[in-house]
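J.: Structure below; questions to follow.
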Amino acid sequence: MIVSVIAHPWSKRNLVKKEQDMFGEDIYHIYTSSKPIDGEANKSIHEALAAFLGLKKYQIRLVSGEASKYKKFKIVQ
């Protein structure tokens, strides 16, 4: 399963919001106080998404969007 994420680095607080697009697909807005330097924000987003979904970090992989605010994560079980 592929999960769409919109990253919001440099936020004042850490927060995960789940929304649906016009096609009914889930989109997760992840706000993190981490800065997007040296993969710091990606790591924080990865951890926040895993915690929100109730999964372990190794069960989620970033498949696209490493340097973009629009990211795709693959859930492997």
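The values are calculated or read from the model by the stated rules, or taken from the named source; none is laboratory data. Keep in mind that this is a model prediction, so the values were computed, not measured. Glycine gets a Cβ as well: all are built from the backbone with ideal geometry, and neighbour counts include every protein chain shown. Note: areas computed on protein heavy atoms with side chains; ligands, DNA, RNA excluded. Shrake-Rupley method; radii C 1.70, N 1.55, O 1.52, S 1.80 Å.
J.: Output the residues belonging to the range 33-52 that are among the hydrophobic types (A, V, I, L, M, F, W, C), open to solvent by 40 Å² or more (accessible area, probe 1.4 Å) and at pLDDT 95 or above.
T.: A51, F52
Per-residue answers, yes or no, for (1) in a helix (DSSP H, G or I); (2) on the phi < 0 side of the Ramachandran plot; (3) in contact (Cβ under 8 Å) with a residue 24 or more places away in the chain:
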position	(1), (2), (3)
S4	no, yes, yes
K17	no, yes, no
F23	no, yes, no
Y28	no, yes, yes
I37	no, yes, no
A41	yes, yes, yes
A48	yes, yes, yes
Y58	yes, yes, no
L62	no, yes, no
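J.: Pick from the range 61-77 the residues that are of a type in the set (A, V, I, L, M, F, W, C) and open to solvent by less than 40 Å² (accessible area, probe 1.4 Å): which of them is nearest to E40 (Cα to Cα)?
T.: My answer is F73.
J.: Condition first: more than 15 Å from K71 (Cα to Cα) and in contact with a His (Cβ under 9 Å, 6 or more places away or on another chain). Now tell me which residues in the range 20-61 satisfy that.
T.: Answer for the range 20-61, where residues must be more than 15 Å from K71 (Cα to Cα) and in contact with a His (Cβ under 9 Å, 6 or more places away or on another chain): just K57.
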